Amino acid sequence: MPSSAAPRLEAMHDPAETARVLAGPIRSMERLPGGGNNRIYRVETAGGAHALKCYGSTERLAREYGGLSFLAAIGSGPLTVPRPEAAAPGHGAALYEWIDGTAVSRVPDGRREDDVARAVAFAAFLAGQRSAEGAVALAEAAEACLSLTGLLDQIESRFARLSDVDDIALGHFLRDDARPVIDRARTRARTGYAAAGLDPSIPLEPALRTLSPSDFGFHNALRRRDGSLVFLDFEYFGWDDPVKLTADFLWHPAFSLAPQEQADWHDGMDALFAADPAFAARLRAQLPLYGLRWTMILLNEFLPERWERRLFAGTSAGWSEAKAAQLSKARLWLREARRLTDGPDGDVRSSFPLLADR
């Protein structure tokens, strides 16, 4: 198993020194579990508690700190996103407001009835910032999908990278299981675009794009004592097609949605973007493709460079076990993408529930 990149990433960060650079003298410091690709610490100073985030990528640092700085400047409010406090790109780290809150459940039974409405409200807030000062200077979201061609290219690029991995089980899954579904889903989407009079290669016009966290969901939210939600993780923040934001929330593997939550999210986003004349047609054509895109993303654990980032973040899993678990998940996502691709071409609501037995 490769491990050469993990020490190089780790060498960017001396957390205690970085905390002192950003926050001054520290009283205590505690590394928190989780973090995905990064390391997160609770830092206590004379001024109170702060969240120190040490990144495995300077690009993700710049996107998150810049995005949260933009939201802070336009007055998103302290109950919506963490306030950025200081950044040290040379240390690969940034300091944020510490949020006193509890994790929002990743399963429906542990959530509140209006949590989806809160998520829709936050999406609406972001969509309303098109004319805000500084908005035009914000970049496209990381891996934005602004055309059907762009989405298909992303799927094919991920498929090609995974195909280069020397793993018998992965190769069989890609070649025999995933490839036929990708080909049929591509044909279905192009047919849907033609029927709606859409050009698959033309990017969505800027006036119809929205700001998106690009990793949005209940897995990246905390609940304050008053019940309000604070949304976290803006490492991929930027302009994107609202169809991607809508579809990713439905397909995201880090949390599950009850059938009614899926319907509520869809209805809320459909109403929010009602002024976009092709929103429903694009969502209908692309929904299976986003399931296939997530199928490929779930297999990232097979890529040595991705596993090195997991090591940097402090995963305790073994590589073989992680790969087997992700391949099992990918089979579920592929099954659902196949169901939508091969089923009747009704409206998106008729496809719910997605991943009911995940």
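The values are calculated or read from the model by the stated rules, or taken from the named source; none is laboratory data. Treat the numbers as computed from the prediction; the structure is a model and nothing was measured. Every residue, glycine as well, gets a Cβ built from its backbone with ideal geometry; the counts of neighbours run over all protein chains shown. Ligands, DNA and RNA are stripped out before the accessible areas are found, and what is left, the full protein with its side chains, is counted by its heavy atoms. Shrake-Rupley method; radii C 1.70, N 1.55, O 1.52, S 1.80 Å.
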On average, how much accessible surface per residue is there in the chain, in Å², for a 1.4 Å probe, leaving out ligands, DNA and RNA?
-> 43 Å²
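Using a 1.4 Å probe and counting only protein heavy atoms, arrange 98, 294 so the residue with the most accessible area comes first.
Working: 98 60, 294 25 Å².
Reading off the accessible areas and sorting them downward yields 98, 294.
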In the chain, which longest range has no GluC sites (Glu not before Pro) that are both DSSP loop (not H, G, I, E or B) and surrounded by at most 11 other Cβ atoms within 10 Å?
-> 134-358
Could you work out how far the C-alpha centroid of the range 174-200 sits from that of the range 47-109, in angstrom?
-> 38 Å
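Go ahead and estimate [θ] at 222 nm for the chain from helices alone: -39,500 (n - 2.57) per DSSP H run with n ≥ 4, summed, over the residue count, rounded to 500.
Working: 12 runs with 162 residues, N = 358.
So the calculated ellipticity at 222 nm is -14500 deg cm²/dmol.
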Radius, Kirkwood style, for the range 200-295 when every pair of distinct Cα atoms is counted (Å) | 14.4 Å
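With N residues in the range 169-238, what two-decimal value do you get for its Cα radius of gyration over 2.2 N^0.38 Å? Intermediate values should be presented prior to the final figure.
On the way: Rg = 19.0 Å, N = 70, 2.2 N^0.38 = 11.1 Å.
Scaled against compact globular proteins, the figure is 1.72.
Based on Cβ point charges of +1 for Lys and Arg and -1 for Asp and Glu, what charge dipole magnitude is obtained for the range 119-189 about its Cα centre, in debye rounded to the nearest 20? Each step should come with its number before you reach the end.
Working: 8 positive and 11 negative charges, 67 e Å.
Dipole magnitude for the range 119-189 comes out near 320 debye.
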Carbon and sulfur %, accessible surface of the chain computed with the full protein complex present, 1.4 Å | 53 percent
Provide the descending list of Cα extents for the chain along its principal axes, expressed in whole angstroms.
-> 62, 48, 39
Relative to the longest principal axis of the C-alpha atoms of the chain, give the angle of the C-alpha long axis of helix 259-272, reported between 0 and 90° and rounded to the nearest 10°.
-> 90 degrees
Order 165, 43, most accessible first, counting only protein heavy atoms with a 1.4 angstrom probe.
-> 165, 43
Would you please classify the overall shape of the range 88-186 from the alpha carbon gyration tensor, given that a ≥ b ≥ c denote the square roots of the eigenvalues, rounded means a/c under 1.5, and beyond that prolate means a/b larger than b/c while oblate covers the rest?
-> prolate
With every protein chain in place, what's the accessible area of residue 164 (1.4 Å probe, Å², nearest 10)?
-> 130 Å²
